[in-house]
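Have a look at the structure below before the remarks.
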Amino acid sequence: MKVKRFSSMDDLYSHAVATIVEAKNNGATTFGLATGGTMEPLYAKICKTDIDFSHCISFNLDEYVGLEATHEQSYAYYMNKHLLNQKPFLASYLPDGLAVDPLVETARYEGLLQQYPLDFQLLGIGQNGHIGFNEPGTSFASLTHLVTLEESTRQANARFFSSIDEVPRQAYTMGIQSIMRAKCILLLAVGEAKREVLERLLASDYTEDVPATALSKHPNVMVLTDLQEEENKL
Ligand code: PGA
């Protein structure tokens, strides 16, 4: 896992855009995308470029259960608002938060992922070490599945809702194995709130207690962060 540290947020996001452009120039056509506060400046920057994704396919990592695509806090809505309305892809896939049968929905989504293998995957990281909505303890062999969100994840995401009670309790997420199949992975860990988890990620062995440590076995992972190494620590 390579780590690049930036003292300027603008440089960090410019580097992330450049990494995506490079992947595209090298032939990447299937992109795994992420949501969350971390990705908003990235998508804003991408929208200001002339990058053309009209021949590419996107997959999102996850979606809340129970929210319609028109709900402002659904990830479908987030993606349209921050990226896809301005930068349309040939096709964009997300799990369907309103699917009637979770087993059918997760099999459908995993099937699509296997049909269009990911060239590139963008990741944020949760304060508990989750990637996608793969909470601590998730099997590293997991495929797309239904999850019950940890209370800490609901608390962290409550800032986007008017109250914690409105934060869904379940979500669909690509599994760890679905993520690990991507050829190239770019993880952004931005802001003080991510300091502890970044330290844990870099210091921990491969353990399902910290889902992001699965990435230590991936041959092509780049981590970008604005957090500077603390002396005698990292
Ligand atoms: P954030 O979420 O970008 O809003 O911090 C990241 C995550 O939970 O994966």
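Can you pull the percent of the chain's accessible area that's carbon plus sulfur, 1.4 Å probe, other chains left in place?
Numbers: 5280 of 10700 Å².
C and S atoms contribute 49 percent here.
Surface calculation, 1.4 Å probe, protein heavy atoms: Tyr64 sits at approximately 0 Å² accessible.
Note that the chain presents 46 Å² accessible area per residue, ligands and nucleic acids not counted, probe 1.4 Å. The lysine pair count for the stretch 40-196, using Cα distances under 15 Å and pairs eight or more places apart or on different chains, is 4. Averaging the sequence gap over all C-alpha pairs within less than 8 Å and six or more residues apart, then dividing by the number of residues, gives the chain a relative contact order of 26 percent.
First check a/c for the stretch 18-64, with a ≥ b ≥ c the square roots of the eigenvalues of its C-alpha gyration tensor; if it is under 1.5, answer rounded, and if not, answer prolate when a/b is larger than b/c or oblate otherwise.
Details: a/c = 2.04, a/b = 1.27, b/c = 1.61.
Note, shape of the stretch 18-64 comes out oblate.
If you take all other residues with their beta carbon under 15 Å from the beta carbon of Pro219, and give Lys and Arg +1 and Asp and Glu -1, the sum is +3. Karplus-derived 3J(HN,Hα) values for the stretch 66-83, using 6.51 cos²θ - 1.76 cosθ + 1.60 with θ = phi - 60°, are x, 9, 6, 4, 8, 6, 4, 9, 6, 6, 4, 5, 4, 5, 4, 5, 8, 9 Hz; glycine and proline are entered as x.
In the chain, the DSSP beta bridges split such that about 25 percent are antiparallel, to the nearest 5. Looking only at Asp62, Asp96, Asp205, which one moves most when the chain is put into a Gaussian network model with springs between Cα atoms under 10 Å? The residue that fluctuates most here is Asp205.
Identify which of Lys24, Lys48, Lys183 has the largest mean-square fluctuation in a Gaussian network model of the chain, with springs joining Cα atoms closer than 10 Å. It is Lys48. When you filter the GluC sites (Glu not before Pro) in the stretch 17-87 for DSSP loop state and at most 16 other Cβ atoms inside 10 Å of their Cβ, you are left with Glu68, Glu72.
Sequentially through the stretch 91-106, phi angles give Karplus couplings (6.51, -1.76, 1.60; θ = phi - 60°) of 8, 10, 10, 9, x, 8, x, 9, 4, 6, 10, x, 5, 5, 5, 5 Hz, Gly and Pro residues having no value and appearing as x. Rounded to two decimals, the Cα-based Rg/Rh of the chain, with Kirkwood Rh, is 0.93.
Among Ala16, Ala212, Ala44, the largest mean-square fluctuation in a Gaussian network model of the chain, built with springs joining Cα atoms closer than 10 Å, belongs to Ala44.
Ellipsoid fit via the Cα gyration tensor, the stretch 66-137: semi-axes of 19, 17, 16 Å, each the root of five times an eigenvalue, largest first. Ignoring aspartates and glutamates fewer than eight residues from Lys24 along the same chain, the ones with Cα atoms less than 14 angstrom from its Cα are Asp50, Asp52, Asp119.
Of all beta bridges DSSP finds with both residues in the stretch 113-234, what is the antiparallel percent, to the nearest 5? It would help to have the intermediate numbers written out before the result.
On the way: 5 of 14 bridges.
Bridges in the stretch 113-234 are about 35 percent antiparallel.
Under 14 Å from the Cβ of Gln86, count the other residues' Cβ atoms, weight Lys and Arg +1, Asp and Glu -1, and hand me the total. Taking every Cβ under 14 Å from that of Gln86, the sum is +1.
The phi torsions of the stretch 126-140, fed into the Karplus equation with coefficients 6.51, -1.76 and 1.60 and a -60° offset, translate into couplings of x, 5, 9, x, 6, 10, x, 10, 7, 7, x, x, 5, 5, 5 Hz, rounded to whole numbers, with Gly and Pro shown as x.
The heavy atoms of His15 offer some 60 square angstrom of accessible surface to a 1.4 angstrom probe. At the residue level, Met9 shows approximately 80 square angstrom of accessible surface with a 1.4 angstrom probe and all protein chains present. Once the Cβ-Cβ distance of Ser7 and Ser152 is raised to the sixth power relative to R0 = 35 Å, the FRET efficiency obtained is 0.75.
The values are calculated or read from the model by the stated rules, or taken from the named source; none is laboratory data. Computed from a prediction, not measured in an experiment: that's the story for all the values here. Here the Cβ is made from the backbone with ideal geometry for all residues, glycine too, and neighbour counts use every protein chain on show. To get the accessible areas, we keep the full protein, side chains included, count just its heavy atoms, and leave off ligands, DNA and RNA. Shrake-Rupley method; radii C 1.70, N 1.55, O 1.52, S 1.80 Å.
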